[in-house]
Amino acid sequence: MLQTQSTPLRYAAPTPPISTPASPSNTAAQIAQPASTMTIANHHHILIVTGPAGCGKSTIAKYLAQRYGFYYIEGDDFHPPANVEKMAAGIPLDDADRWDWLILLRDQALVALKNGSRGVVVTCSALKKKYRDVIRTARLYDEDPNATVNFVYLKASKEVLLSRVAARQGHFFKDTMILSQLAALEPPDEDEMQRLRDVEVIDVSGSQEEVEKLVSIAVDNIMAIRS
C-alpha cells in the first residue's frame with residue numbers, strides 16, 4: 001500500500017513525461033532484442049535495480065538490459081544540478097531533494113514503454129520504501145493494464161561499498177557519503193517481500209560472474225511469475 005501520508009500531494013498524478021532522454025548514455029542503451037532471450041510476455045515490464053552507491057547498479061542494469069533487450073536508464077544522469085553539487089560537496093540528499101528525481105525516473109520509464117519498448121531497466125538507489133512506492137505508481141499510469149514493476153535490490157556490506165566507491169574515477173559521489181546512505185537505507189521489508197512480492201534481493205559480495213548468474217535466475221523467475 002502506498003505511503004501517501006509521507007509523500008507530497010503532487011505525487012498523486014504524474015508530471016508530463018520528457019520525450020527525450022537527458023543524456024547520450026540513455027539513447028545508446030536501446031539494445032536490440034537478443035535472439036537467445038527467453039520469451040517475454042506481451043506486456044510491459046519495469047525493472048528497478050536498487051541499492052546504495054557502490055553496489056553495482058549500473059553494471060547489473062546494463063547486463064539485464066542486454067539480456068532481455070530492454071531499454072536502459074541510468075538514474076544518476078537525471079539528477080538536477082543542485083543534487084549533483086550537494087553530493088559532490090559531500091552533503092547527503094534529503095527527501096525533498098529526491099522527490100522530483102524519483103518522479104522523473106518513473107516518467108522516463110513510462111516514456112520508453114510508450115515509445116515501443118517492452119521493458120525498461122532503471123538504476124535508482126531507492127533507499128527508502130516510500131521512494132520505491134513512488135516508482136510503484138508507474139503501474140497506474142501505463143497504458144498496459146498488466147504492466148509490472150519489480151525491484152532488484154543489490155545487497156553489499158559497508159566495507160565492499162566503501163572500497164568500490166573509493167575506486168571509482170570521475171564520479172560526483174564521494175565515498176564519505178556511503179555512511180549517510182546506509183543510515184537512510186530501509187532494506188526491503190516483509191510487506192514488500194511477502195505481500196507485494198515485487199523485490200528480489202541479490203548478494204553482490206561474489207564475483208561479477210556469480211552475481212550475474214544470481215540476478216539472471218531471479219529475473220527469469222520474475223518473468224515466469226509475472227508474465
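Miscellaneous remarks
- Positions within region 149-173 being small (Gly, Ala, Ser) and either at pLDDT 85 or above or on the phi > 0 side of the Ramachandran plot (or both), in sequence order: 156, 157, 163, 170
- Failed item, numbered, when residue 120 is tested on (1) of a type in the set (Val, Ile, Thr); (2) in a helix (DSSP H, G or I); (3) modelled with pLDDT of 95 or more: (2)
- Look at (1) out of contact with any His (no Cβ under 8 Å at 6 or more places or on another chain); (2) farther than 23 Å from residue 97 by Cβ and you find that residue 146 fails only one, number (1).
- Residue in region 140-147 that is surrounded by fewer than 23 Cβ atoms within 10 Å (Cβ to Cβ) and within 14 Å of the chain's Cα centre (by Cα) present: no
- Within region 72-103, considering residues that are of a type in the set (Asp, Glu) and part of a loop (DSSP other than H, G, I, E, B), the one farthest from residue 116 (Cα to Cα): 94
- Matching residues, region 174-204, being at pLDDT 95 or above and either part of a strand (DSSP E or B) or over 30 Å from residue 110 (Cα atoms) (or both): 199, 200, 201, 202, 203
- Checking each residue in region 64-77 for being closer than 20 Å to residue 178 by Cα and either surrounded by 22 or more Cβ atoms within 10 Å (Cβ to Cβ) or free of Cβ contacts under 8 Å to residues at least 24 places away in the same chain (or both) picks out only 75.
The values are calculated or read from the model by the stated rules, or taken from the named source; none is laboratory data. Values in this document were obtained by computation on a predicted structure and should not be read as measured data. In this analysis, Cβ positions are derived from the backbone assuming ideal geometry, glycine residues included, and neighbour counts consider all displayed protein chains.
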